[in-house]
1. How far is helix 114-123 tilted, in degrees, relative to the longest principal axis of the Cα atoms in the chain, given as a value from 0 to 90 rounded to the nearest 10?
2. For a protection proxy built on the mean count of beta-carbon atoms within 10 angstrom, sort 54-64, 145-155, 241-251 highest first, please.
3. Report, by chain and number, residues whose modeled amide H sits under 5 Å from the one on Tyr136, excluding near sequence neighbours (fewer than 5 apart, same chain).
4. Give me the angle, in degrees from 0 to 90, between the Cα long axis of helix 2-31 and the longest principal axis of the Cα atoms of the chain, rounded to the nearest 10.
5. Under the rule of at least 5 residues apart or a separate chain, name every residue whose amide H is placed under 5 Å from the amide H of His43.
6. Ignoring ligands, DNA and RNA, what percent of the 1.4 Å accessible area of the stretch 226-349 is carbon and sulfur?
7. In Å, what Kirkwood hydrodynamic radius results for the chain from the alpha-carbon pair distances?
8. Solvent-accessible area per residue for the stretch 116-212 at a 1.4 Å probe radius, Å²?
Amino acid sequence: MRVKMCYVSWAFLWAVIVSIGIPCAHTGKAEGYSKVGILVVGHGYFSQNPKFFALVDEVQRRMPDYHVDQGLHMVMDMNTGLMMQTEDEAIRRLEAKGAEKVIVVPLYLNTNSSTVQVIKWSIGCKVEGKPDKSDYLGEIIDCPGEHDPQNDLCLHMMAVHRRFHSFSNMAHIATDAIDYHPDISTVLLERALEFSTDPSNEVVLLVGHGDGDDAVDQDYRDTVLAKYASDVKGAGGFFDVQYGTIREDWCDKRIAAVQDIRDKITVAVNEGHKVIWVEVRIASWSNAHAQEWDPPVCNKLGTKDFLDAGMYTRANFLLSNPTSLAEWVISMANEAENNNQYVDCVTGK
């Protein structure tokens with residue numbers, strides 16, 4: 001019995017030691033976390049494709065020593081009808097977890113778009129004497145919309161954006177958006193091949209959202225979509241790969257843009273080719289597929305008649321696989337951390 005009690009005592013003592021050590025080990029892991037947080041910012045609007053959140057989870061899985069969070073840049077407040085930036089809440093969460101710096105990765109396709117510009121405006125420090133502008137890494141960034149000087153808010157495309165330093169003492173840096181990246185060419189190729197039966201007789205049509213600014217839209221088509229088209233054509237062996245934008249948020253721009261897409265489809269079909277429409281978009285379809293063609297009515301500037309007639313096949317949207325962009329997010333975050341160019345509006349450093 002005495003021997004048995006001895007074993008029980010040792011067992012109890014060992015259990016106590018292990019139980020004491022467990023929180024210590026956990027604390028040690030918490031202290032081992034990087035002081036840099038990573039914030040992936042998605043578009044938002046009324047709702048967001050759940051695959052966006054799966055992508056953020058995938059980034060966290062691959063970067064376990066970092067605090068990774070997500071924010072939606074434009075989320076509808078159903079009471080006021082205004083959009084709000086939920087990255088505010090994510091920044092507060094990262095700060096509460098011990099992050100001292102935040103890398104903001106805009107999950108957008110075009111760095112020059114106004115939505116990415118307003119993210120940079122939110123990060124940057126005020127320009128002295130020009131409250132509607134920010135100095136982001138030495139570049140003067142305008143509020144892309146209307147500036148509310150009383151509340152220091154940038155009102156852009158029905159959304160309310162505030163400068164981060166108004167509620168956070170952390171330093172921030174933003175990466176570029178996706179722009180051109182060879183990994184995206186691979187994804188676009190995969191989307192086309194899913195519906196391909198005879199590549200040598202098929203025309204792939206890469207269609208992006210587009211921009212209201214003529215120069216920005218033209219530059220994106222020339223320097224980004226053109227490269228994707230070249231990559232997809234070379235790797236897929238298609239008869240041709242063409243590209244265009246819808247410019248769906250700007251009625252006066254959309255008529256010509258959609259007409260160009262319709263012309264491309266008509267010519268290809270008349271020449272006997274199968275057309276595969278591949279969206280160059282993050283997580284949502286172009287609304288053109290559901291809209292009739294009846295210019296100049298803004299909500300009737302689509303291609304539904306062509307789709308119903310079987311003149312083109314609609315491929316899957318870009319982010320059909322949550323892991324397809326994880327490596328890009330990680331590479332952008334690592335590059336930003338290595339550059340160490342953080343904006344600190346509190347100390348002015």
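The values are calculated or read from the model by the stated rules, or taken from the named source; none is laboratory data. Keep in mind the model is a prediction, meaning the values are calculated, not measured. Virtual Cβ from ideal backbone geometry, glycine too; neighbours counted across all protein chains shown. Surface accessibility is based on the protein's heavy atoms, side chains included, excluding ligands, DNA and RNA. Shrake-Rupley method; radii C 1.70, N 1.55, O 1.52, S 1.80 Å.
1. Helix 114-123 sits roughly 30 degrees off the main axis of the chain.
2. Highest to lowest by the protection proxy: 241-251, 54-64, 145-155.
3. Ile141
4. On a 0 to 90 degree scale, this one is about 40.
5. Amide H to amide H, under 5 Å and 5 or more residues apart or across chains, His43 pairs with His73.
6. Within the stretch 226-349, the accessible surface is 47 percent carbon and sulfur.
7. 22.6
8. Using a 1.4 Å probe on heavy atoms only, each residue of the stretch 116-212 averages 41 Å².
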